[in-house]
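Just so it is clear, none of the values below were taken in a lab; they were calculated from the coordinates. Owing to the predicted nature of the structure, the values given are computational and were not obtained by experimental measurement. Cβ sites come from the backbone with ideal geometry, for glycine too, and all protein chains shown count toward neighbours.
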Amino acid sequence: MICSSGPVEVASYPRRRVSSARSSPMDSRLRGNDLEKAGDGDWAHWKPLNRFCPIVSAPRIALFCFLLSTLPCSAKTLLEFEGKIYPRRFLQVKGIGYGHHAIVWKDGRTSEKALIEAEIPDREVADILAKQGLVGGNNLTNETWTARNDPNNPAADARVAGPTVEVTVTWEGLNRWEKLKEILGMPEADYRFGDHRSLIPIWKSGCIVCNVSCPGGKISNHSLTIRDQVMKRLRPNLDLEKLPKDGTRVRVRISK
């Protein structure tokens, strides 16, 4: 994608003035130069003789370039790190933890339940994202988790706040970056930088990316809450035939 923060420079193409002398019907098409008469005193524009092709004019080119400049630029990579993926083990987790832990530091308390075990600590991930200018939401509390079974407590219904980030993964032989949410079969996942570094001493989970709005995750999924998890609305749908064997080394990228 070509992005521009300044004025768009439009390429200048040769054009020819149509004089009033060429006003007969026979001159409506100038075959030698492949021009179409635009009218007395107007500019004629290059146009293929194929009548199904649109006229390409400088104003239209300028409009196209302006619209192109308003499109968002390609994602900025904030952080990359190594890890290992365990898709089959991930689907064998039982109980409330099923599907919850997407990426966890390998020395974290919940690493054996994770889809990906990361080499980097969760605190370091949050530190790097913060240094890159991301301001975490820090809106979830311990009660978001501890009150999950109390239907009268709204804490478990809270959704993580913070800037949206994109999490992608690749491994040897894939030759592309695959979105984490596509790997998980959760295309509507909306990952946000919640931060919550202040809660690390309490949870010690090592959670880097959680698939619900979790106070233990540095990055969490805004589209699902802890209440949703309790109500079994968290339903990862991995295609094991397209994923590598457990223990395969992967590389994870977080971008904005």
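Structural remarks
- For segment 247-253, the Karplus equation 6.51 cos²θ - 1.76 cosθ + 1.60, evaluated at θ = phi - 60°, returns couplings of x, 5, 6, 10, 10, 10, 10 Hz by residue, with Gly and Pro reported as x.
- Förster radius 45 Å - calculated FRET efficiency between Glu143 and Arg251, Cβ distance, rounded to 0.05: 0.80
- A simple spin-label model places the labels of Ile128 and Arg197 1.4 nm from each other, with each point 7 Å out along Cα-to-Cβ.
- Coupling constants for segment 223-230 follow from the phi torsions by the Karplus curve (6.51 cos²θ - 1.76 cosθ + 1.60, θ = phi - 60°), and in residue order they are 6, 10, 10, 4, 4, 4, 5, 4 Hz; glycine and proline get x.
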